[in-house]
Amino acid sequence: MSAYPRYPSRSVRSLNGVWDFAFLGGINAADINVSQLEWNDRMAVPAAFDATPRYAGMRGLAAYRIVVDVAQSRRMRLRFDAVSFWCRVFVDGRPCGPDHGCGYTPFHRDFETGAVEKCEVVVLVDNRFDPAAAPLHEIYYDFFQWGGIIREVTLQTLPRQFLDDVQVRVANLSSGEIEIQCMGGDRLDGSFPVEIAIDGQPAVAHNAEFSQGRAWIRTQVPDAKTWSPQSPCLHILDARLGDDWVRVRFGLRTVSVRGTEILLNGEPLRLFGFNRHEAHGQTGPSLSDDLHVHDIHLLKKLGCNFVRGSHYPQDQRFLDLCDESGILVWEEALGWQQKESHFTRESFRRAHDECLREMVSASFNHPSIIFWGFLNEAQTDAPAAVPFLEDAARLVRELDPTRLLTFASNRPHSDLCLHAVDVISLNLYPGWYESEDVEDPSDRILPGLRETISALKSGPFSDKPVFLSEIGVEALPGWHDTMDGFYTEEFQARYLETVLREIRGDPRWAGLAIWHFADARTYRGGRSIRRPRAYNNKGVFDEYRRPKLAASVLGDLLRECTGAPVP
Ligand code: ADA
């Protein structure tokens, strides 16, 4: 269960476990009567059903079922941390709320109980690519998209009056003053007393004026401690409204830009780390707590201070661990190389906006997150991209003006959208792609990096930070060869060492995120012709986190870059 928010006054139960299951295949949800399904199998929740041997690689409609104990005549809340790609929730045979079509964001569905003690919950889940049902999922993405209830499910009993969310912003870092945004359930309106207690200190009652469901409270954090990678101090805030009590964890830190520098708590900071897919060789997208902890340990052991959650909203449990470990995070909406045609499709815009809203709402209080991102390598040199990206940027800044905005561009010289973000981020692969014409692509690495940064130094964005958001090469696990060429672990180690030394030595780069942390399953079928093993093998670990040569040689260099202590 994610560490925060907590609801001490509500009954909150985890529904993780083994549910009834039925794979329905090519049928459409509209043709299903959930009361007449034959439950002929069982499936773990959370898990991807198509990561299990029986349903490996199968796409279609699936159904999950659980009978839950409920309080009589109460409002219940089902919270799903992620269901991929698309789902429709039923309670006692009746649809409960709208369909949900983004496979990586938390959402909830509420229902009222009558004079009953149990309710049947059925969830229809579909992992087929369907631009109408799941506009953000595309078959051409270079990462496998699994299906199922892939993150945890909880069931809450709500009080009559409740707080939907509590967001904490830093008002003044040096004094420890914070601004708390309370979101009242059912768009609370009017004046209500809200008690605020911080770190177990005596509660202070505030007369909160709710307008359209929101109220703002300013207060001081007693014994305020700043959050930083070196000292990831966290504070606990309790907010009580009537019978409801919400507990959130937050960190006091600010992130900003000053010319070409990124500042954390007013001090220049350079970022060095990895891109990480939330995927594992055994479980696919559903990582247990121990696997998340394992990855954090490896990131810290390598001396990283940064991780990009590519290319979708992250599991809240991983973000909790980043908060506790002082690893800075780039979290982004689901997307990969969106085309110009996406930007004029209303269904895509609606889905993209919803993904941004759900991501920011779920992750707001994580001090580790310093960047919001979206539209990885989208066609942002197309004219239609400009208004789309500007609108998305405006939405994110409305939702959260406290963090920096960026997107990973692979077209630095033609991009039309770089003006809309705070940090210019570039995915570059010199000496890997487009090197078919040479026998030793290594000669392309430094010229490729230097030409790009030089052009930006003199261009219209010479006053913005530039971050190398992706760079890397494939290494097949265990492959060594006297020629040390492509796909050998030696070539990858040498390539990354060259890149890391270059970025470390040129302060015009705000840092880099290596592509990527661990090998991750990608295309099935014809598209995998470009991906040996049907994996993206650019990890410095394989998909089971077994280290390649690069993982053994980069630690000292990364620690020199971040100042992290030797483990
Ligand atoms: C792109 C993309 C990554 C991955 C990478 C690669 O930069 O953002 O998801 O596909 O290329 O391995 O080529």
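The values are calculated or read from the model by the stated rules, or taken from the named source; none is laboratory data. As the structure is a prediction and not an experimental result, all values here were calculated from the model. Methodologically, a virtual Cβ is constructed for each residue, glycine included, from the backbone with ideal geometry; neighbour enumeration extends over all protein chains shown. These area figures cover heavy atoms from the full protein model, side chains too; ligands, DNA and RNA do not enter into them. Shrake-Rupley method; radii C 1.70, N 1.55, O 1.52, S 1.80 Å.
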Output for segment 425-446, where each listed residue is open to solvent by less than 50 Å² (accessible area, probe 1.4 Å), within 15 Å of the ligand (Cβ to nearest atom) and of a type outside the set (Gly, Ala, Ser): 426, 427, 428, 429, 430, 432, 441
Single residue of segment 505-555 satisfying the filter (more than 16 Å from the ligand (Cβ to nearest atom), assigned to a helix (DSSP H, G or I) and out of contact with any Asp or Glu (no Cβ under 9 Å at 6 or more places or on another chain)) that is farthest from residue 456 (Cα to Cα): 525
Qualifying residue in segment 330-345 (condition: over 20 Å from residue 140 (Cα atoms), surrounded by fewer than 24 Cβ atoms within 10 Å (Cβ to Cβ) and either in contact with a His (Cβ under 8 Å, 6 or more places away or on another chain) or not polar (S, T, N, Q) (or both)): no
Filter result for residue 451 (surrounded by fewer than 17 Cβ atoms within 10 Å (Cβ to Cβ) and either within 14 Å of the ligand (Cβ to nearest atom) or in a loop (DSSP other than H, G, I, E, B) (or both)): no
Positions within segment 282-316 being of a type outside the set (S, T, N, Q) and open to solvent by 20 Å² or more (accessible area, probe 1.4 Å), in sequence order: 289, 290, 291, 293, 294, 297, 298, 300, 301
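Here is a yes/no grid of residues against (1) within 16 Å of the ligand (Cβ to nearest atom); (2) surrounded by 20 or more Cβ atoms within 10 Å (Cβ to Cβ):
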residue: 89; (1), (2): no, yes
residue: 96; (1), (2): no, no
residue: 123; (1), (2): no, yes
residue: 139; (1), (2): yes, no
residue: 147; (1), (2): no, yes
Selection count where residues are surrounded by 14 or more Cβ atoms within 10 Å (Cβ to Cβ) and in a strand (DSSP E or B), scope segment 14-54: 10
Odd one out for residue 370, checked against (1) open to solvent by less than 10 Å² (accessible area, probe 1.4 Å); (2) assigned to a helix (DSSP H, G or I); (3) hydrophobic (A, V, I, L, M, F, W, C): (2)
Residue 341 being closer than 22 Å to residue 299 by Cβ and more than 16 Å from the ligand (Cβ to nearest atom): no
Candidates 389, 405, filtered to the one that is open to solvent by less than 10 Å² (accessible area, probe 1.4 Å), of a type outside the set (S, T, N, Q) and assigned to a helix (DSSP H, G or I): 389
Exclusive hit being in a loop (DSSP other than H, G, I, E, B) and within 16 Å of the ligand (Cβ to nearest atom), set 129, 143: 143
Selection from segment 295-305 of residues that are assigned to a helix (DSSP H, G or I) and under 18 Å from the mean Cα position of the chain (by Cα): 295, 296, 299
When residues of segment 454-493 are limited to those that are away from the ligand (no atom under 16 Å from the Cβ) and charged (D, E, K, R), the one farthest from residue 409 (Cα to Cα): 481
Neighbours by Cβ (under 9 Å, 6+ apart or cross-chain): first from segment 1-16, among the hydrophobic types (A, V, I, L, M, F, W, C); second part of a loop (DSSP other than H, G, I, E, B) and open to solvent by 50 Å² or more (accessible area, probe 1.4 Å): 1/16; 12/1
Search result, residues across segment 22-62 that are in contact with a helix residue (DSSP H, G or I) (Cβ under 7 Å, 6 or more places away or on another chain) and under 12 Å from residue 124 (Cβ atoms): 23, 61, 62
